[in-house]
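*Asks:* So that we are looking at the same thing, I have put the structure below in structure tokens.
The values are calculated or read from the model by the stated rules, or taken from the named source; none is laboratory data. Keep in mind it's a predicted model, so treat the numbers as computed, not measured. Backbone-built Cβ (ideal geometry, glycine too); neighbour counts: all protein chains shown. Surface accessibility is based on the protein's heavy atoms, side chains included, excluding ligands, DNA and RNA. Shrake-Rupley method; radii C 1.70, N 1.55, O 1.52, S 1.80 Å.
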Amino acid sequence: MPGQACMFDAIEKNLNLGADLIGFISDDQFNDKTVPPYHSSIGCHMRHILDIFDCILTGLDAGKVDLTARTRNVKVETDRDVCHEYLEQVLGGLNDLRSADLERLIDVTDDLGLGAVTCKYTLGALLVQAHSHAIHHFAALGYINSCLGINMPAAEFGYNPTTPREVCVG
């Protein structure tokens, strides 16, 4: 399906922007937690993004994806090489899904703040949500990068394609 290929291409392109960032910055920048208000590092955001995709890949065979069951491997958020390996693992798993039935129904569990909730998603909807979630975190990383004086290697990093690029003044 052409639309299906386009979706996977967009996810891969976006995650590869994350790989570019990991390769572009220093270990100190990857681990820096000095930027308020959340004091979370680039590595922490990258680990979180990849954990969401990993939850999908891990639960897919059983048809039950639990987004609260993230691995939260601290090495991923503190070691750029480990993070890059995790990213490559996720990209490989997503590549294996390119011919999957995106209309397949999956039970997805998440905690919305008042306890776990389970809903039916299509695989396609879940992948779109994970992709949008990654863009959201990349936008936060754009802020962190700006505060740390890091000039991004790609101008489109952290921008949702539907967001206008014009600056609003006044």
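*Asks:* Identify, from the list Leu127, Leu105, Leu123, Leu141, the residue that is touching a His at 6+ places or on another chain (Cβ under 7 Å) and in contact (Cβ under 8 Å) with a residue 12 or more places away in the chain.
*Replies:* Leu141
*Asks:* Specify the residue that is surrounded by the most Cβ atoms within 10 Å (Cβ to Cβ); the eligible residues are those in the range 13-48 that are under 17 Å from Asp81 (Cβ atoms) and among the β-branched types (Val, Ile, Thr).
*Replies:* So the residue we want is Ile42.
*Asks:* Hey, another quick one. Name every residue in the range 119-165 that is of a type in the set (Ser, Thr, Tyr) and not in a loop (DSSP other than H, G, I, E, B), in order of residue number.
*Replies:* Within the range 119-165, Tyr121, Thr122, Ser132, Tyr143, Ser146 qualify.
*Asks:* Answer yes or no as to whether Asp96 is out of contact with any Cys (no Cβ under 7 Å at 6 or more places or on another chain), at pLDDT 95 or above, within 21 Å of Asn16 (Cβ to Cβ) and open to solvent by 70 Å² or more (accessible area, probe 1.4 Å).
*Replies:* In short, yes.
*Asks:* Identify, from the list Val90, Val108, Val82, the residue that is open to solvent by less than 60 Å² (accessible area, probe 1.4 Å), among the aliphatic types (A, V, I, L, M) and touching a Lys or Arg at 6+ places or on another chain (Cβ under 6 Å).
*Replies:* Numbers: Val90 fails: touching a Lys or Arg at 6+ places or on another chain (Cβ under 6 Å); Val108 fails: touching a Lys or Arg at 6+ places or on another chain (Cβ under 6 Å).
Going through Val90, Val108, Val82 in turn, the sole match is Val82.
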